[in-house]
1. Could you go through the stretch 134-149 in sequence order and give the Karplus-derived ³J(HN,Hα) for each residue, using 6.51 cos²θ - 1.76 cosθ + 1.60 with θ = phi - 60°, rounded to whole Hz, and x for Gly and Pro?
2. For Lys58, go through the aspartates and glutamates and keep the ones whose alpha-carbon is under 18 Å away, minus same-chain ones fewer than eight residues off.
3. Which one of Ala75, Ile57, Cys106 is farthest out on the positive end of the charge dipole of the chain, using unit charges on Cβ (Lys, Arg +1; Asp, Glu -1) and the Cα centre as origin?
4. For n ≥ 4 DSSP H runs only, could you compute -39500 (n - 2.57) per run for the chain, divide by its residues and tell me the 222 nm figure to the nearest 500?
5. For the chain, find the longest principal axis of its Cα atoms and tell me its angle to the long axis of helix 54-64, 0 to 90°, nearest 10.
6. Relative to the longest principal axis of the C-alpha atoms of the chain, give the angle of the C-alpha long axis of helix 40-52, reported between 0 and 90° and rounded to the nearest 10°.
7. Out of residues 5 or more away from Leu150 or on other chains, whose amide H comes under 5 Å of its own, with H placed 1.01 Å from N in the peptide plane?
8. Could you give the angle, 0 to 90 degrees to the nearest 10, between helix 66-84's Cα long axis and the longest principal axis of the Cα atoms of the chain?
Amino acid sequence: MKKVIYALILPLVVLSGLVFANREIKNGPSKKLSPKPLSVAERKAELKKWEASPDGIKYKKWEASTEGKKVHASADKIRKQLNTYTNMEAVIISLSRPAASPSDYCVVVRINGDDYLLNNEPQQLQGLKVNDKIIIRSHSAGCAPKYPYLIIWGDYIERDGKIVYKRAPQKGGC
């Protein structure tokens, strides 16, 4: 009986050894084609094409409106803090979901007299209340015609010296 089991296992071990020995280790570049970056001329052409589309026309009209100018002006006020990832002192003025907010849960905060949408997941902002003073650090903000304020994605949020939320660093990237 033992001889039969050994006779069956031995070819299996030899075969699996051969399979693993013949596998190539690929440390070189992947054979998948990644899209090459567009040249400056191609980017300009794509931008002109988008600006002529209905969405581009709508965005340009919004950008020229008083609401669009207000959002861009508020972005200019915090651009330095976004670029340098420095602290921005904010006061929470609303926890309710404003009309046309980008997600189900946005907190409206006031930084230097301007209102912004803090767009984080609800579980990331648990325990925050209206009139809480918080510290926000962010790398990114965005705007869109359907949102009344500049949208900030909080990478680091602190209240009373305690970290409420800190974004985990990207894995395998910069």
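1. 10, 10, 10, 10, 8, 9, 9, 8, x, 9, 7, x, 7, 10, x, 10
2. Within the straight-line limit of under 18 Å, Lys58 reaches these aspartates and glutamates: Glu46, Glu67.
3. My answer, from the dipole projection, is Ile57.
4. Values: 4 runs with 64 residues, N = 174.
Counting only the DSSP helices, I get -12000 deg cm²/dmol.
5. 40 degrees
6. Long axis of 40-52 versus the principal axis of the chain: about 60 degrees.
7. Answer set, sorted by chain and number: Leu117.
8. Its long axis makes an angle of about 50 degrees.
The values are calculated or read from the model by the stated rules, or taken from the named source; none is laboratory data. Just so we're clear, the structure is a prediction, and the values are computed from it rather than from any experiment. Please note: Cβ atoms are built from the backbone with ideal geometry, for glycine as well, and neighbour counts cover all protein chains shown. Remember, those area values only see protein heavy atoms, side chains included, never the ligands or the DNA or RNA. Shrake-Rupley method; radii C 1.70, N 1.55, O 1.52, S 1.80 Å.
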